[in-house]
Amino acid sequence: MAPPSAHPPRRPDAAAFLLLVLLGMLWGLTPVLSKAGFGLGATPLAYVFRGALVAALGLLLAVRARGRSLPLGVAGARFHLGSGLIGFAVPNLVGFLALRHVPAGLFALVIPAAPLITFALSAALGLERPTWRRFAGVAVALAGTLLALAPGAALPEGGALGWAVASLAVPACYACSNVFAVRFRPAGADPLALACGTCGGAAFWLACASLLPGEPWGAILPLRAPLLWDGFAAVQGATTAVAYAIYFRLLTRHGGVFASQVGYVLVVTGLGWGALVFGETPGLLVLPATALIFAGLWLVTSAGSGARP
């Protein structure tokens with residue numbers, strides 16, 4: 001199936017790069033907020049559901065204020081449910097479970113694998129031009145990511161290596177979401193509407209997950225007074241709403257590979273937030289790991305998106 005849009009990605013301008021930096025700062029803050037919420041007693045399912053619901057409601061108000069509507073029909077439902085599942089619900093649940101065992105700064109070095117996987121999937125599907133330069137970039141950055149998982153880098157000595165490896169599922173989901181959005185987003189849909197549908201779809205799947213054994217409805221819709229971590233979840237939802245609005249604007253105008261370059265910013269902001277808030281001190285291996293990741297990202301993305309209409 002061909003992408004619904006017949007227009008190739010636009011060449012990014014200064015405003016696009018500023019939005020990319022802002023997106024990286026917001027997403028870099030996500031592990032910090034969630035780790036703080038878990039420290040106050042939040043459970044991953046309840047926390048992620050609240051964030052998704054707040055984000056969906058906030059974006060819905062923005063969509064209605066602009067006089068727009070959500071894409072409906074089979075194409076709209078497919079996009080909302082698919083994007084919400086692989087681009088929000090699954091990576092956030094896996095990521096937040098891992099954050100209970102690994103430093104927040106570790107995600108700064110793992111998430112940038114998303115543009116590399118995005119390129120590999122896009123090349124396989126004919127959405128990007130495969131070149132040896134880009135394949136070399138994927139290999140170099142992958143080496144940096146694996147080095148980041150080694151004890152003595154972002155993971156402390158004796159850290160939970162299993163959870164660190166499991167965190168690689170997060171960028172893999174984001175990469176699949178990038179490609180899914182490019183191929184299946186409804187034609188002509190407003191970026192805010194796409195963001196709203198994604199967050200709403202995630203809230204739906206998370207509500208369904210509460211029906212699983214050991215996850216009662218009370219986990220996501222408690223009949224109690226608000227707790228402090230509920231406030232963190234609300235802030236998380238507001239941050240997510242703004243971040244997804246920016247992400248879909250970049251995605252629809254400049255393509256999936258450019259949008260995924262947010263990994264550059266995430267490396268800096270994620271490590272910075274972790275050090276500032278939690279006092280995390282990465283090991284010396286984080287320096288060569290960061291260098292390899294940056295070099296790989298540059299090789300993959302510096303030649304232009306190469307996306308085909």
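Short-range pairs are left out: with C-alpha atoms under 8 Å and at least six residues apart, the relative contact order of region 14-301 is 42 percent.
Taken over the alpha carbons of region 14-301 as equal point scatterers, the Debye sum produces base-10 log I(q)/I(0) values at 0.14 Å⁻¹ of -0.99.
Separation of region 160-193 from region 74-121 is 5 Å, based on Cα centroids. Once the Cβ-Cβ distance between Ser69 and Ala238 is put in as r, and R0 is 35 Å, what FRET efficiency do you end up with, to the nearest 0.05? That gives a FRET efficiency of 0.95.
Readers should treat all values here as calculations from the given coordinates under stated rules, not as data from a laboratory. Just so we're clear, the structure is a prediction, and the values are computed from it rather than from any experiment. In this analysis, Cβ positions are derived from the backbone assuming ideal geometry, glycine residues included, and neighbour counts consider all displayed protein chains.
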